[in-house]
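Colleague: Structure below; questions to follow.
The values are calculated or read from the model by the stated rules, or taken from the named source; none is laboratory data. Given the structure is predicted, the values throughout are model-derived calculations rather than measurements. Backbone-built Cβ (ideal geometry, glycine too); neighbour counts: all protein chains shown. For the accessible areas, the whole protein counts, side chains as well, though only heavy atoms, and no ligand, DNA or RNA atoms are used. Shrake-Rupley method; radii C 1.70, N 1.55, O 1.52, S 1.80 Å.
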Amino acid sequence: MLRLYGELITQWSLVKKLQTMWKKIKKKLRVKKYSLIEIIFIIFSFLFSFWLMFSTFSYKAGSMLIASKAWSDFASSIPLIRSFSFGSNFPPQYPLFPGEPIHYHFLFFLLVGLLERIGFRIDYALNFPSAIGFFFLLFMIYIFAKSLFKSKAVGVLSVVFFLFNGSLSFLEFFKIHPISTNIFNEIFVNTTYPSFGPYDGKIVSAFWNLNIYTNQRHLAGSFAMVIFIIYLLYIRWRESAAWFKKSIFIACLCGILLFINEAAFSIALLWIGWFFLLNPRRRLGLLFGIVIGSPIILLFIFIVHLSSSITIRLGYLTMPPATIYSIFIYWFYNFGLLILLLPLGFLIVKKKVAVHIIPLIILFSVANIFQLSKDIINNHKFFNFFIIVGNMYAANFLFVLWNKNKRFVISRKIIVIILFFFMIFSGVIDLAVIKNDSKIGVIDYPKNRDITFILKRTKPEDIVLNYTSLYHPASLAGRSIFYGYSYFAWSYGYDTANREAIYLQIYRSNNKEVACSLLKKNKISYIELNNTPDEYIKPNLDLWENEFTRIYQNEESKFSLYDVKKSC
């Protein structure tokens with residue numbers, strides 16, 4: 001006991017020395033805004049952001065190393081990036097479905113492509129903007145929560161709740177790993193998400209852990225911009241002068257946000273609209289900002305053709321038929337204790353701080369009532385943001401409960417510790433999965449002969465009729481393939497049924513003239529054949545091998561390329 005007491009005294013002395021040193025550093029550098037604890041927290045957030053992104057995507061010995069949990073999403077992202085770095089893609093088209101304007105926000109991928117184009121290796125080109133965007137999100141969560149509730153502790157707790165989701169997926173983990181003396185080791189070495197709905201048929205969805213930010217690399221930065229806009233409107237600039245100039249700045253931020261993530265843009269508009277209703281003196285300035293920002297919106301509409309497929313779909317991913325009870329059960333498992341702590345958090349704050357409850361309710365309700373795109377899964381972005389802001393009120397409730405008064409101190413603190421544990425436990429299990437995830441290698445240019453040939457012998461704007469879809473050599477060379485993985489294109493609102501019919505008609509053609517006519521009509525420059533086609537294609541091999549000119553064949557990969565211009 002005496003030894004332990006001595007160690008505590010030593011540790012406390014060390015903390016006091018660090019605080020003294022920090023005061024001296026602050027005085028010399030004139031850093032008054034942040035305390036030592038905050039600086040440490042910011043450094044940790046920065047390092048964690050870079051670890052998270054580089055641990056899921058890296059590059060070694062001429063191969064891209066992609067985390068297995070990011071494999072499918074990156075099969076869409078990398079071709080889009082390469083279409084800007086190695087290809088010619090402006091006005092942008094989706095390189096897995098060329099021939100019509102892009103249906104998807106593209107600015108982040110354009111930035112990454114330009115970075116690779118000027119010399120950054122692809123892992124640096126992708127990971128640096130991703131890590132900075134994620135760090136910006138952590139920083140803005142902290143700053144906004146701290147400013148809203150006047151507490152550094154609430155700011156830190158809000159970030160912790162964001163990093164470690166509060167779903168009840170840990171219940172699924174215990175079904176496979178019963179509680180034992182080895183449970184902590186089983187969590188530490190775990191490689192599988194306990195629940196990954198709807199893909200594994202379980203109730204807790206896959207979209208609340210950090211996997212969503214490692215896969216959709218533009219998401220964190222776009223959410224950070226939304227919180228930054230809300231922070232400026234509701235806290236920093238609420239009573240400031242020169243409102244017209246500041247409304248222009250907000251309009252410009254919204255314009256950039258629209259090209260990064262239109263879902264985040266719509267969330268920002270929701271909070272801006274609510275601010276407009278609450279602050280009559282600011283309405284003229286906001287209207288002025290809308291006028292200034294309207295050309296950006298028109299430019300977006302001209303370049304990006306969004307699919308308008310809004311339909312009614314109750315309960316998000318709740319199994320139909322959705323009822324009030326089934327919807328509640330779904331969100332109880334997916335939100336965990338947040339479903340209780342969020343309303344309690346709003347009840348204890350002043351009206352000035354509770355102002356965000358209306359846009360939060362609207363956000364949650366709209367995403368629960370309507371399917372806002374071709375794929376209902378895409379509604380997850382609205383719930384992700386709902387959780388971020390909701391966690392701030394939950395964090396404040398626990399902070400207030402911990403410090404409320406001197407009555408029932410021990411029991412209150414025990415309750416807070418228990419609530420805190422269940423708010424982060426599933427997230428701890430999920431983070432271990434990211435840490436332990438395996439990597440899948442994709443051989444890249446110049447080590448991959450097929451990619452090298454395509455880069456050197458084809459034009460950046462050429463379209464390749466492809467035998468396979470995921471990580472196609474032409475896609476990795478920045479060229480468009482005629483019909484990529486159908487789910488990607490379908491979820492963005494493209495007419496995949498019509499494209500597939502043309503695709504099969506070309507490959508199965510019995511007549512060279514008909515095949516050439518279709519190839520020229522669809523601006524296809526090259527046809528690919530290999531020995532492992534997707535089974536449903538069933539190509540007429542005699543036509544291609546005997547009547548079309550082959551310009552390349554790799555005996556090792558069995559990848560062949562036929563020239564349309566020379567053949568037709």
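Colleague: Which of the cysteines in the chain are isolated, no other cysteine C-beta under 4.7 Å?
Modeller: Taking the Cβ cut-off of 4.7 Å, the unpaired cysteines of the chain are Cys252, Cys254.
Colleague: How large is ³J(HN,Hα) for each residue in segment 431-447, as worked out from phi by the Karplus curve 6.51 cos²θ - 1.76 cosθ + 1.60 (θ = phi - 60°), to whole Hz, x for Gly and Pro?
Modeller: Each residue's phi maps through the Karplus curve to give 5, 4, 5, 5, 4, 9, 5, 7, 10, 10, x, 10, 5, 10, 5, x, 5 Hz.
Colleague: What is the spin-label model distance, in nm, from Arg117 to Ile235 if the labels are put 7 Å beyond Cα along the C-beta direction?
Modeller: Placing both labels 7 Å along Cα→Cβ, they lie 3.7 nm apart.
Colleague: Dipole of segment 51-126, Cα-centred, from +1 at each Lys and Arg C-beta and -1 at each Asp and Glu C-beta, to the nearest 20 debye?
Modeller: 200
Colleague: Treating the beta-carbon of each Lys and Arg as +1 and of each Asp and Glu as -1, no other charges, what is the dipole magnitude of segment 433-568 about its Cα centre, to the nearest 20 debye?
Modeller: Magnitude of the dipole: close to 400 debye.
Colleague: Residue separation times 0.36 nm, minus the C-alpha to C-alpha distance between Ile43 and Trp490: what's the value?
Modeller: On the way: separation 447, 0.36 × 447 = 160.92 nm, distance 4.11 nm.
Extra length available between Ile43 and Trp490 comes to 156.8 nm.
Colleague: Under the rule a/c < 1.5 gives rounded, and otherwise a/b versus b/c splits prolate from oblate, where does segment 101-239 land using the Cα gyration tensor?
Modeller: Judged from the Cα gyration tensor, segment 101-239 comes out oblate (a/c at least 1.5, b/c at or above a/b).
Colleague: What are the chymotrypsin sites (Phe, Trp or Tyr not before Pro) within segment 387-460 that DSSP puts in a loop, where the Cβ has at most 15 other Cβ atoms within 10 Å?
Modeller: Here the chymotrypsin sites (Phe, Trp or Tyr not before Pro) that fit, given the DSSP loop and packing criteria, are Phe408.
Colleague: A further question follows. Which of Ser247, Ala264, Val204 sits farthest toward the positive end of the charge dipole of segment 155-269, with +1 on the Cβ of Lys and Arg and -1 on the Cβ of Asp and Glu?
Modeller: Ser247
Colleague: Asn403 to Leu171: FRET efficiency via 1/(1 + (r/R0)^6), r the Cβ-Cβ distance, R0 35 Å, to the nearest 0.05?
Modeller: Once the sixth-power term is evaluated, E becomes 0.65.
Colleague: Within the chain, which is the longest segment containing none of the GluC sites (Glu not before Pro) that sit in a DSSP loop and have at most 16 other Cβ atoms within 10 Å?
Modeller: On the way: sites that count: Glu239, Glu461, Glu535, Glu555, Glu556.
Segment 1-238 is the longest.
Colleague: Could I ask something else about it? Any idea what diffusion coefficient the chain gets from Stokes-Einstein, in µm²/s, Kirkwood Rh on alpha carbon pairs, 10 °C, 1.306 mPa s?
Modeller: On the way: Rh = 26.3 Å.
Result for D is 60 µm²/s.
Colleague: Let me ask something else about it. Go through segment 114-122 residue by residue and turn each phi into a ³J(HN,Hα) via Karplus (6.51, -1.76, 1.60, θ = phi - 60°); whole Hz please, and just put x for glycine and proline.
Modeller: So the J values, rounded to whole Hz, are 5, 4, 5, 4, 8, x, 6, 5, 4.
Colleague: While we're here: Which of the trypsin sites (Lys or Arg not before Pro) found in segment 377-442 are in a DSSP loop and have at most 11 neighbouring Cβ atoms, other than their own, within 10 Å?
Modeller: Lys406, Arg407
Colleague: Further, regarding this structure: Would you be so kind as to identify which of Val291, Ala70, Leu401 lies farthest towards the positive end of the dipole of the chain, taking Lys and Arg as +1 and Asp and Glu as -1 on Cβ and the Cα centre as origin?
Modeller: After comparing all options, I get Leu401.
Colleague: Kindly write out, for segment 195-203 in residue order, the coupling ³J(HN,Hα) from the Karplus curve 6.51 cos²θ - 1.76 cosθ + 1.60 (θ = phi - 60°), rounded to whole Hz, with x marking Gly and Pro.
Modeller: Coupling constants for segment 195-203: 9, 9, x, x, 5, 10, x, 8, 6 Hz.
Colleague: Cα gyration tensor of segment 203-359, axes a ≥ b ≥ c as square roots of the eigenvalues: rounded (a/c below 1.5), prolate (a/b > b/c) or oblate?
Modeller: Note, shape of segment 203-359 comes out oblate.
Colleague: Among Ser509, Ser525, Ile537, which residue has its Cα positioned farthest towards the positive end of the charge dipole of segment 499-543, with +1 placed on the Cβ of Lys and Arg, -1 on the Cβ of Asp and Glu, and the dipole taken about the Cα centre?
Modeller: Going by the Cα projections, it comes out as Ser525.
Colleague: Here's a follow-up. With every protein chain in place, what's the accessible area of Tyr485 (1.4 Å probe, Å², nearest 10)?
Modeller: The accessible area comes out at roughly 100 Å².
Colleague: Could you calculate the contour length gain from Ser180 to Glu535, that is, 0.36 nm times the residue separation minus the distance between their Cα atoms, to one decimal place in nm?
Modeller: 123.1 nm
Colleague: Taking a ≥ b ≥ c as the square roots of the Cα gyration tensor eigenvalues, with a/c under 1.5 meaning rounded and otherwise prolate when a/b beats b/c, else oblate, which class fits segment 271-365?
Modeller: oblate
Colleague: Another question, if that's okay. For the pair Lys413/Ile327, report the inter-label distance in nm, with labels modelled 7 Å from Cα in the Cβ direction.
Modeller: So the label points at Lys413 and Ile327 sit 4.2 nm apart.
Colleague: Pop out the carbon and sulfur fraction of the accessible area of the chain as a percent, whole number, probe 1.4 Å.
Modeller: Using a 1.4 Å probe with all protein chains present, the chain comes out at 66 percent carbon and sulfur.
Colleague: Starting from segment 194-260, pick out the chymotrypsin sites (Phe, Trp or Tyr not before Pro) whose DSSP state is loop and whose Cβ has at most 14 other Cβ atoms within 10 Å. Mind showing how you got there, number by number?
Modeller: Details: sites: Phe196, Tyr199, Phe207, Trp208, Tyr213, Phe223, Phe228, Tyr231, Tyr234, Trp237, Trp243, Phe244, Phe249, Phe259; in loops: Phe196, Tyr199, Phe207, Trp208, Trp237.
Counting only loop positions with at most 14 other Cβ atoms within 10 Å, the chymotrypsin sites (Phe, Trp or Tyr not before Pro) in segment 194-260 are Tyr199.
Colleague: Then there is this: With +1 assigned to the C-beta of every Lys and Arg and -1 to the C-beta of every Asp and Glu, and no other charges, what is the dipole magnitude of the chain about the Cα centre in debye, to the nearest 20?
Modeller: Charge dipole, the chain, about its Cα centre: 3600 debye, nearest 20.
Colleague: List every residue whose amide H lies under 5 Å from the amide H of Ile551, counting only residues 5 or more places away in sequence or on a different chain, with H placed 1.01 Å from N in the peptide plane.
Modeller: Excluding prolines and chain starts, which carry no amide H, the hits are Leu561, Tyr562, Asp563.
Colleague: Also, I was wondering about something else. Along the Cα→Cβ direction, 7 angstrom out, place labels at Phe422 and Asp542. What is the inter-label distance in nm?
Modeller: Going by the 7 Å Cα→Cβ label model, 7.0 nm.
Colleague: If you don't mind, there's one more thing I want to ask. Can you give me the solvent accessible area of Leu171 with a 1.4 Å probe, rounded to the nearest 10 Å²?
Modeller: So the heavy atoms of Leu171 present about 70 Å² to solvent.
Colleague: Shifting gears a bit: Given an 8 Å cut-off on Cα distances and at least 6 residues of separation, report the relative contact order of the chain as a percent.
Modeller: Relative contact order here is 21 percent.
Colleague: When each pair of different Cα atoms in segment 21-156 is counted once in the 1/r mean, what is the Kirkwood radius in angstroms, to one decimal?
Modeller: 17.5
Colleague: Place a label point 7 angstrom from the Cα of Phe244 along the Cα-to-Cβ direction, then list the residues of segment 253-279 whose backbone nitrogen is under 14 Å away.
Modeller: Taking a point 7 Å out along Cα→Cβ of Phe244, no residue of segment 253-279 has its backbone N under 14 Å.
Colleague: Show the residues, 5+ positions off or on another chain, whose built amide H is closer than 5 Å to the amide H of Leu465.
Modeller: Phe482, Ser525, Tyr526, Ile527, Glu528
Colleague: Calculate, for Thr191 and Ile339, the FRET efficiency according to 1/(1 + (r/R0)^6) with r their C-beta to C-beta distance and R0 35 Å; round to the nearest 0.05.
Modeller: The formula returns an efficiency of 0.75 here.
Colleague: For segment 511-568, calculate the relative contact order in percent as a whole number, restricting contacts to Cα pairs under 8 Å that are 6 or more residues apart.
Modeller: 42
Colleague: Find the eigenvalues of the gyration tensor of the Cα atoms of segment 402-465, then list the square roots of 5 times those eigenvalues as equivalent ellipsoid semi-axes, largest first, in whole angstrom.
Modeller: Values: eigenvalues 704, 39, 14 Å².
Listed largest to smallest, the semi-axes of segment 402-465 are 59, 14, 8 Å.
Colleague: With r as the distance between the Cβ atoms of Asn511 and Ser55 and R0 = 45 Å, compute the FRET efficiency 1/(1 + (r/R0)^6) and round to 0.05.
Modeller: For R0 = 45 Å, the calculated efficiency reads 0.30.
Colleague: In deg cm²/dmol, rounded to 500, what helix-only [θ] at 222 nm does the chain give when every DSSP H run of at least 4 residues adds -39500 (n - 2.57) and the total is split over its residues? Don't skip to the end; give the middle numbers.
Modeller: Numbers: 25 runs with 341 residues, N = 568.
So the helix-based figure for the chain works out to -19000 deg cm²/dmol.
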